[in-house]
Structure formats: structure tokens, C-alpha cells
Amino acid sequence: MKRSCRIEKEVRVIFSLIIPVYNADKYLLETIKSIINQTLDFKKYIQVILIDDGSTDTSGSICEELQKKYPNNINYKRINNAGPSAARNMGLKLVNETSEYIGFLDSDDKISPEALYQVKAFFETTESKVNIAVLPIHYFGCREGEHKLNHRFLKGNRVVDILNEYDATQYFIGGSFFKRALLNKYESTFNEDLDFWEDALFMNKLILKESCYGVVANGKYYYRKRFENNSLVDTSWSSKKRYTAFLKNSYPVLFELSKEIYGEVIPYVQYLTAYHIKLYLYPNNRDQATDILSNEEFNKFIQEFKYILNEINPKYILMQNINSYYKELMLKLKSETYTWTHSVEKLEKKNITIKEVKFKGGFLLLKGHFINELYEMKKDDRIFLKYFNKKIYAKQIILDEKIIIWGHKVRDYRYAGFSLKLPIWILKFSIGLEGENFTVVLNKVNLFKSLSKKLLSIGNIIGKVK
């Protein structure tokens with residue numbers, strides 16, 4: 001009599017996905033579901049490594065249930081709370097011996113169904129000899145849309161040479177994939193002394209050593225912006241470690257590695273640093289610095305901030321898509337001067353703001369201001385109203401409006417206010433600015449057209465009522 005036996009399907013892991021988990025019970029199942037539902041066979045080719053970093057919610061129980069359900073595909077380990085770097089390092093130790101590619105996800109994010117298949121196909125193409133591949137970032141949750149750096153994916157799947165494309169910077173470890181042989185070659189681990197940006201540092205140390213990486217346009221990494229604003233990224237600015245300690249252990253590491261490999265801080269590293277360090281100047285972040293740091297701590301932070309800026313060529317600062325006074329301040333901190341040339345094209349995109357409109361004795365009285373990030377009005381500048389060939393100059397109103405960043409007055413809008421008086425019969429006019437050696441039209445106003453639209457809208461409402 002023959003005995004029958006059941007042969008288990010062989011599992012040959014191709015992808016190992018490391019997910020640090022910390023208090024993510026609201027999102028974890030959605031993350032894992034996005035991996036299970038890949039077009040690449042989950043049970044045959046994918047290993048998920050869940051490292052619970054000392055969660056205090058039910059994340060641990062969810063991980064245990066998932067491991068029981070998929071014992072051949074999901075590894076689970078709980079560690080004492082030590083941060084995402086320690087969790088990812090533990091995950092690296094648990095990678096399956098057959099795994100070819102190692103990827104990273106955050107426990108509240110997810111990937112598109114075809115993502116892993118597309119990454120695998122990219123790595124296997126003969127054209128692509130790269131050891132790193134990344135997916136485009138798409139936001140979901142309380143924010144939707146694409147990340148600004150997704151411009152790198154517009155030309156489809158390709159290899160980015162950082163020596164030629166210095167502005168093709170990569171920061172996120174989520175949606176990033178590495179050939180296992182590369183991580184073994186450099187014995188790559190995450191810096192456990194860093195509480196933030198450890199992923200960008202890990203990523204860019206490898207990119208510098210490789211001088212290139214691949215972009216996989218056909219997949220997507222979905223980055224959750226939480227409604228609670230309680231992610232590590234959101235809360236990091238309230239920690240003192242985010243300032244002097246971070247500046248000493250982040251960008252300078254890349255500076256030194258770049259000098260070691262290329263003999264200089266290459267443009268890619270300079271641009272990457274300028275792009276990221278500007279975050280310190282944004283209102284909420286810069287206020288945190290002055291609120292939580294003592295005077296002595298703040299002075300050390302500014303000293304380190306200046307050191308970082310001194311490694312960046314001014315042109316990479318000026319290229320940043322930020323308010324011009326941020327650029328001015330950064331150049332000032334590195335003892336460079338910034339001279340704004342009066343560009344009519346740039347000023348034409350700025351508008352006068354009308355704050356008050358009154359009718360008085362056959363005249364229309366307008367009050368407003370010309371406050372913007374680009375231009376600080378001077379005492380002798382004049383706002384004017386023009387109709388037909390006639391100009392009416394506005395009366396200047398002194399305002400108490402200024403922007404001060406870390407003790408530096410970057411904008412003073414005292415001369416930006418104005419009042420205008422024009423005859424009520426003038427329905428079409430323009431408002432402009434006259435400064436030293438330039439004149440620019442800022443607003444074109446057609447009250448007749450605006451009034452017609454309002455009357456048409458009222459007529460439509462009346463028609464619906466009837």
C-alpha cells in the first residue's frame with residue numbers, strides 16, 4: 001500500500017521588506033495588505049520582517065496574528081524601544097538567506113500592487129546595472145498629491161547619475177530597494193545615535209559610493225500624512241536633538257564621505273543639503289528653535305548652522321524654491337551678499353491686496369498693501385492707479401509689519417500700506433508700483449466685468465427659485 005504525502009510549496013524569497021513598527025495599530029493591516037496583494041506572488045517570493053519597537057498599543061498582537069497566519073512569509077520580533085534605526089538594523093539581521101533585494105516600508109504607508117514586480121523587472125534589465133532603486137512618493141491621508149521630487153520619474157524607468165543630475169536628490173528610505181549584495185559589501189547599517197534623518201543618511205552614503213541609482217516610475221509608494229500630526233517627522237522639531245546634535249551628525253558625514261570619494265563636496269551633496277536645511281527656517285520650525293533652546297544652546301546651533309552653509313555654493317541656495325528672504329538670510333549667515341535685481345516679470349506675478357473698500361461722496365476709497373516675500377517697498381516707492389492715460393498716486397500708510405527670523409529682520413513692510421481715492425464712474429483701471437528705475441503693473445481691475453458676473457449669478461439663483 002502506497003503512502004501519500006503532502007509536499008509544501010517551496011518558498012524562495014526574492015524580496016525581504018523590513019518594517020519598523022511603533023504604535024501603528026490603526027494602519028498596520030493596511031500596510032501588510034498592500035504587500036500581500038502584490039502582483040508578485042506573496043507566498044512564494046516575499047518575506048516581511050516586522051520589528052516592534054516597544055509599542056504600547058495593540059501593534060504587537062497584530063504582528064503576532066499576522067505571523068501565525070503567514071508563518072513562512074512573516075517574521076516578527078519585539079525589541080525594547082530604541083528608535084527606527086535599531087529596529088531596521090535588527091530587521092537586517094533577519095533577512096532570508098535566499099533574498100536578493102531588501103526594501104523598507106514604514107508601518108503606516110503602503111505600496112501599489114505592481115510595485116515589487118516593477119522593481120524586480122527593473123533590476124533584471126540588462127541596461128540597469130544599478131544596485132539601488134526607488135519608487136515615486138504619493139501622499140495620502142490628510143494630504144494628497146505627489147512629492148516635489150517626483151520630477152525624477154517623468155522620463156520613466158531610468159538610471160540617475162548624480163554627477164550629472166545633482167538636483168535628483170533622494171531622502172526617503174520608504175519605497176527604496178537595495179540589492180542584498182550591496183548592503184553586504186559595505187556592511188551597511190543605520191546610525192542608532194540619530195533619532196531623525198537616519199534613513200536619508202543611510203541612503204545617501206550608499207548613493208555616494210555608487211554614484212547612481214535607479215528610478216522605477218511604474219510603481220508607487222504611498223506616504224501617509226497623519227491627521228493626528230504625531231509621526232516622528234512631525235514631532236522631531238520639539239526635540240533639542242533636532243538642532244546642534246543633528247547638524248553635527250548628519251550633513252557633515254556626507255561632506256566628508258564626498259571629499260573622501262571625489263575629493264570635494266560634490267554638487268549633489270551641496271544641493272541635497274540646501275534643499276533640506278531650509279526646513280529650519282520655516283515658521284513653525286524656527287519658532288521651536290527659539291522656544292526650546294537656551295541662549296547658549298541656540299548660539300551653538302547657529303554656529304553649526306553657519307558651518308553647514310559654508311560648505312554650500314551660493315548658487316545651490318539661490319536655486320531653492322523658497323521665499324527670497326530665506327535665501328537672503330542663508331547667504332547673510334555665510335557672509336555672502338544677496339542683491340535682488342528688479343525683475344518686472346517676477347513682480348508682475350505679485351498682487352496688491354485690497355483690505356477695505358468704501359463709497360464716499362461719489363468716490364471709491366480703497367485701502368490695502370503690497371506685502372509679499374519678494375520685494376520690500378522703500379520709502380520713496382509709490383503705488384499708483386492708472387485709467388486711460390491718467391495716473392493717480394496713492395497716499396502711503398505706515399504699517400507695523402515685519403518678519404524677524406532668529407533676530408534678523410528679513411522684511412520690513414512699514415512702507416507697504418496705501419490708500420487710493422478714485423471717481424466712482426471709473427470701472428476699468430490698473431494698479432501698479434513705481435520704484436527707483438522701474439515701473440510695474442500689479443493688478444488689472446474691471447469692475448464692470450465683476451459686476452456683470454455677480455448679476456448673472458443672482459439671475460441664475462432667481463431662475464432656480466422660480
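Data overview
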item	result
With Cα atoms, 0 to 90° folded angle of helix 267-277 axis to the chain main axis	70
Nearest-20 debye value, segment 15-228 charge dipole, Cβ charges on Lys, Arg, Asp, Glu	500
³J(HN,Hα), Karplus 6.51/-1.76/1.60, whole Hz, each residue of segment 381-398, x for Gly, Pro	5, 9, 7, 9, 10, 10, 9, 6, 10, 10, 10, 10, 8, 7, 8, 6, 10, 7
Angle in degrees between helix 84-93 and the longest Cα principal axis of the chain, rounded to the nearest 10	30
30 Å Cα-Cα threshold exceeded, pairs from 44/205; 367/402; 225/409; 148/259	44/205; 225/409
Value in Å of the Kirkwood radius, where the chain supplies the Cα pairs that are averaged	26.2
Cα-based convex hull, segment 41-129, per residue volume (Å³, whole number)	119
Efficiency of FRET between residue 114 and residue 290 - r from beta-carbon atoms, R0 56 angstrom, step 0.05	0.75
Contour minus Cα-Cα distance for residue 205 and residue 236 (0.36 nm per residue)	8.9 nm
Sites residue 408 and residue 388 - FRET efficiency at Förster radius 41 Å, r taken between beta-carbons, to 0.05	0.40
The chain - charge dipole about Cα centre, Lys and Arg +1 at Cβ, Asp and Glu -1, debye rounded to 20	2400
Label-point separation in nm, residue 276 to residue 44, each point 7 Å along Cα→Cβ	3.9
Extension gain, residue 12 back to residue 299 (0.36 nm per residue minus Cα-Cα distance, nm)	97.8 nm
Tilt relative to the chain, helix 295-309 - C-alpha long axis, 0 to 90 degrees, to 10	80
Residue 438-residue 146 FRET efficiency (beta carbon distance; Förster radius 41 Å; 0.05 resolution)	0.65
Residue exposure sequence - 419, 188, 258 - by fewest surrounding Cβ within 10 Å	419, 188, 258
Reciprocal of mean inverse Cα separation for segment 15-228 (Kirkwood radius, Å)	17.3
Positive-end residue of 359, 318, 370, charge dipole of segment 284-370 with Cβ unit charges	359
Distance between modelled label sites at residue 30 and residue 69, nm, 7 Å Cα→Cβ extension	1.6
Listed residue (105, 396, 87) projecting farthest to the positive dipole end of the chain, Cβ model	396
The chain: calculated mean residue ellipticity at 222 nm from DSSP helix runs of at least 4, using -39500 (n - 2.57)	-10000 deg cm²/dmol
Ratio Rg/Rh [Cα only; Rh per Kirkwood] for segment 275-386	1.11
Distance (nanometres) between label positions extended 7 Å along Cα→Cβ at residue 430 and residue 315	3.5
10 Å Cβ shell holding at most 13 others, DSSP loop, chymotrypsin sites (Phe, Trp or Tyr not before Pro): longest site-free stretch of the chain	1-226
Of all DSSP beta bridges in the chain, antiparallel share, percent nearest 5	70
In range of the label at residue 421: residues from segment 380-410 whose backbone nitrogen is under 11 Å from the point 7 Å along Cα→Cβ	395
Cβ-based exposure ranking for 63, 142, in which fewest neighbours within 10 Å come first	142, 63
Hypothetical label at residue 58: residues of segment 101-115 whose amide nitrogen lies under 20 Å (7 Å Cα-Cβ projection)	107-109
Residue among 305, 174, 219 farthest towards the positive dipole end of the chain, charges placed on Cβ	219
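Only the coordinates and a few stated rules stand behind these numbers; no lab work does. Given the structure is predicted, the values throughout are model-derived calculations rather than measurements. Backbone-built Cβ (ideal geometry, glycine too); neighbour counts: all protein chains shown.
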